[in-house]
Amino acid sequence: KAGVTQTPRYLIKTRGQQVTLSCSPISGHRSVSWYQQTPGQGLQFLFEYFSETQRNKGNFPGRFSGRQFSNSRSEMNVSTLELGDSALYLCASSPDRGMDTQYFGPGTRLTVL
Amino acid sequence: DAKTTQPTSMDCAEGRAANLPCNHSTISGNEYVYWYRQIHSQGPQYIIHGLKNNETNEMASLIITEDRKSSTLILPHATLRDTAVYYCILSSLNSGGSNYKLTFGKGTLLTVNP
């Protein structure tokens, strides 16, 4: 099976812009979670989607949003970018049968100038 | 906040076993112990997980103490490619019945030396 894929792998934006990141889960996986990783804060949970619905959310401002499509692919959007949004954004998918293991994609490296 | 404590860094000689400890003294009965590793700037890679019993797979072994307050990840024959940050994480089902969120601490940087 193909793994989790994320596009683009690298992105450079300027402050005030918005950005959309994409995640394609492993085939058959229905849950997609998003994480932000920065040197200062480490890996932090953003939100989780299941069946096109945001089911869980971490402690991030409303500028961070997402959605999931009927094929389980997910997008994450960050509006009004700030310098502090520079990070590695990771998504992870799981089948969602209880204690299923989450499998991570390679991440999207976002740099905000 | 992460509920696990790991050493900041460890060294291991290539070909030797790497034993990575993790303390989780406040673990609750329904929490599993998960191990992931992250090679520089890549996504975390799942290694192994367990609840009470010791577990082994093609990558590693997981030894959980009887009181479940600590565990050890064992890489039996470390190679240079095992150099990575290793995360020990506790996870349980939420009220909706799924394991959706992993809370990562700072992990252990394992350096395998030639």
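The values are calculated or read from the model by the stated rules, or taken from the named source; none is laboratory data. Source: prediction; values computed, not measured. All Cβ positions, even for glycine, are placed from backbone atoms using ideal geometry, and neighbour counts span all protein chains on display. The protein model used for the area step is the full one, side chains on, heavy atoms only, and it has no ligands, DNA or RNA in it. Shrake-Rupley method; radii C 1.70, N 1.55, O 1.52, S 1.80 Å.
Structure notes:
- Protection proxy ranking, peptides A:75-81, A:12-18, A:102-108, average beta carbon neighbours within 10 Å, highest first: A:102-108, A:75-81, A:12-18
- A cut-off under 14 angstrom between Cβ atoms defines the neighbours of residue B:52, and their net charge, with Lys, Arg +1 and Asp, Glu -1, is -2.
- Heavy-atom accessible surface that B and A bury in contact, both chains counted, 1.4 Å, Å² to 100: 1800
- Placing unit charges on each Cβ (+1 for Lys and Arg, -1 for Asp and Glu) gives the protein assembly as shown a dipole about its Cα centre, and among B:88, A:33, A:14 the Cα reaching farthest toward its positive end belongs to A:14.
- Scalar couplings 3J(HN,Hα) for region A:57-63, obtained by applying the Karplus form with A = 6.51, B = -1.76, C = 1.60 to θ = phi - 60°, are 9, x, 9, 10, x, x, 5 Hz; x denotes Gly and Pro.
- Accessible surface of chain B [probe 1.4 Å, protein heavy atoms]: carbon and sulfur percent: 47
- Cα centre as origin, Lys/Arg/Asp/Glu Cβ charges: chain A dipole, Debye: 140
- Among the residues of region B:70-114, those with an accessible-area drop of 40 Å² or more from chain alone to full protein complex, heavy atoms and 1.4 Å probe, are B:98, B:99, B:100, B:102, B:104.
- Other residues lying with their Cβ under 14 Å from the Cβ of residue A:88 contribute a combined charge of +1, Lys and Arg counting +1, Asp and Glu -1.
- Taking chain B as a whole, the Cys residues whose C-beta sits 4.7 Å or farther from every other Cys C-beta are B:12.
- Table column - 3J(HN,Hα) (Hz), region A:20-35, Karplus curve with 6.51, -1.76, 1.60, x for Gly and Pro: 10, 10, 10, 9, 10, x, 4, 3, x, 7, 10, 9, 10, 10, 10, 9
- Lysine pair number, Cα distance threshold 16 Å (strictly under), the protein assembly as shown, separation 8 or more or different chains: 5
- Within-15-Å neighbourhood charge of residue A:13 [Cβ basis; K, R +1; D, E -1]: +2
- Modelled FRET efficiency - R0 25 Å, residue B:54 with residue A:44, Cβ distances, 0.05 increments: 0.20
- Solvent-accessible area, 1.4 Å probe, carbon plus sulfur percent, for region A:47-113: 47
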